[in-house]
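Below is one structure; the comments refer to it alone.
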Amino acid sequence: MDEEIKSYIKYGCISVMVAAIIFCAFCAGGRVYSVWAQRKEGEAELARAESNRQIKTLEARAALESAKHLSDAEVIRAEGVAKANKIIGDSLKGNESYLRYLWIQGLAEGRNQVVYVPTEANLPILEAQRFNK
C-alpha cells in the first residue's frame, strides 16, 4: 500500500506541476494575446479611418463635379435666353403697329386691371381716390 500512496502522491505532484505550468502559460499567453488583440484593433480602426477619409474625399469630388455641371447648365441656359431676347428684340424693331396691336389685345383680355398711362412729363396719372368709394 505504501507503493500505491507514493504513486498517487507522485502523480498528484505531477498533475499539480502540469496545472501550474498550464496556468503560467495562460497568464503569459493572455498578456501576449492582449497586446496582439489591441494591435489588431488599432489596425482595424486605422483602416476604418482611411476608408472614411476616402469616402469623404469622393463625396467632395462628386459635389464639386455636380456644381461645375450645374454652373455650365446655367451658363448655357443664360446664353439661350440672351439669344431669344435678341431675336425677339430684333423682330420688334420698327414694328410699332404690331406692338400697339399686342398692347390693345392685352387690354382687351385683362379684367379689373389698373393701367397707368404716362403723361407728357412721363409721370403716371394716379387714381388714389378710386378705391376709397
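Annotations
- Residues being more than 49 Å from the chain's Cα centre (by Cα) and of a type in the set (Phe, Trp, Tyr) - total across region 71-108: 2
- Verdict on Gly42 being within 36 Å of the chain's Cα centre (by Cα) and either surrounded by 10 or more Cβ atoms within 10 Å (Cβ to Cβ) or closer than 30 Å to Leu99 by Cβ (or both): yes
- Any hit, region 64-74, residues being at pLDDT 95 or above, polar (S, T, N, Q) and surrounded by 10 or more Cβ atoms within 10 Å (Cβ to Cβ): yes
The values are calculated or read from the model by the stated rules, or taken from the named source; none is laboratory data. Please read all numbers here as calculations on a predicted model, not as lab measurements. All Cβ positions, glycine included, derive from the backbone under ideal geometry; neighbour counts span all protein chains shown.
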